[in-house]
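Visitor: Got a structure for you, questions after.
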């Protein structure tokens, strides 16, 4: 089972990259968001999910653990295969996906090609209780930078804190979203909680 590939970007396609590892080219499916951060001839390290079927072995690549984790969550939902999961991740960032599910924002989910109203509702229902993604590494594609709390992780913790204080899910999600809009995506969890509490109390 391939868990990661480190090599050179040999070529880019509309929905894939070819990564040269020691003279062997691996075709890796990836989201538009990931592909936009790659360039032919540059070094890259991709986290990989391998799907084995009777007629094919398909590799899906990710630059950070957050996107990979959401890929796993999405493909665990009935009706969502690897390519559809990538289409969703091409449309919504990990943080946006977390917010859409937390706020039951089916319209945002339905923006992804191949996601209709019924599937958007199923995504909300089945992923509502999913833990947020892990923090992505800071830095250029393929580089190993210090791990920082992702916006989605901070929002998750703020939502959890408000829920523990007795706020209902939609109410807490709306307050956290408003707090994020006011403070920006880089806001720390403690600041998000304080701002969300102010807005929830209005």
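Visitor: Looking only at the stretch 120-132, which residues are buried (at least 16 other Cβ atoms within 10 Å of the Cβ) and over 22 Å from residue 158 (Cα atoms)? I'd like the intermediate steps shown before the answer.
Guide: Our first condition is that a residue be buried (at least 16 other Cβ atoms within 10 Å of the Cβ); within the stretch 120-132, this holds for 120, 122-124, 126-127, 130, 132.
The answer is 120, 122.
Visitor: State which residue is farthest from the chain's Cα centre (by Cα) when the search covers only the stretch 4-21 and only residues that are in a loop (DSSP other than H, G, I, E, B) and without any contact (Cβ under 8 Å) to a residue 60 or more places away in the chain.
Guide: If we filter the stretch 4-21 for residues that are in a loop (DSSP other than H, G, I, E, B), which is where we start, we get 13-15.
Subsequent filtering for residues that are without any contact (Cβ under 8 Å) to a residue 60 or more places away in the chain retains 13-14.
Numbers: 13: 21, 14: 20 Å.
Checked the stretch 4-21; the qualifying residue farthest from the chain's Cα centre (by Cα) is 13.
Visitor: Could we say that residue 156 is modelled with pLDDT of 75 or more and under 16 Å from the mean Cα position of the chain (by Cα) here? Spell out the reasoning first.
Guide: Values: modelled with pLDDT of 75 or more: yes; under 16 Å from the mean Cα position of the chain (by Cα): yes.
It is true that residue 156 is modelled with pLDDT of 75 or more and under 16 Å from the mean Cα position of the chain (by Cα).
Visitor: Checking the condition closer than 29 Å to residue 121 by Cβ and either in the same structural domain as residue 111 (by TED's automatic domain parsing) or modelled with pLDDT of 95 or more (or both), which residue from 46, 12, 59, 89 passes? Steps first, please.
Guide: Numbers: 46 fails: closer than 29 Å to residue 121 by Cβ; 12 fails: closer than 29 Å to residue 121 by Cβ; 59 fails: closer than 29 Å to residue 121 by Cβ.
Being closer than 29 Å to residue 121 by Cβ and either in the same structural domain as residue 111 (by TED's automatic domain parsing) or modelled with pLDDT of 95 or more (or both) holds for just one of 46, 12, 59, 89, which is 89.
The values are calculated or read from the model by the stated rules, or taken from the named source; none is laboratory data. A quick note: this is a predicted structure, and the numbers were derived from the prediction, not measured. Note: ideal-geometry Cβ built from the backbone for every residue, glycine included; neighbour counts use all protein chains shown.
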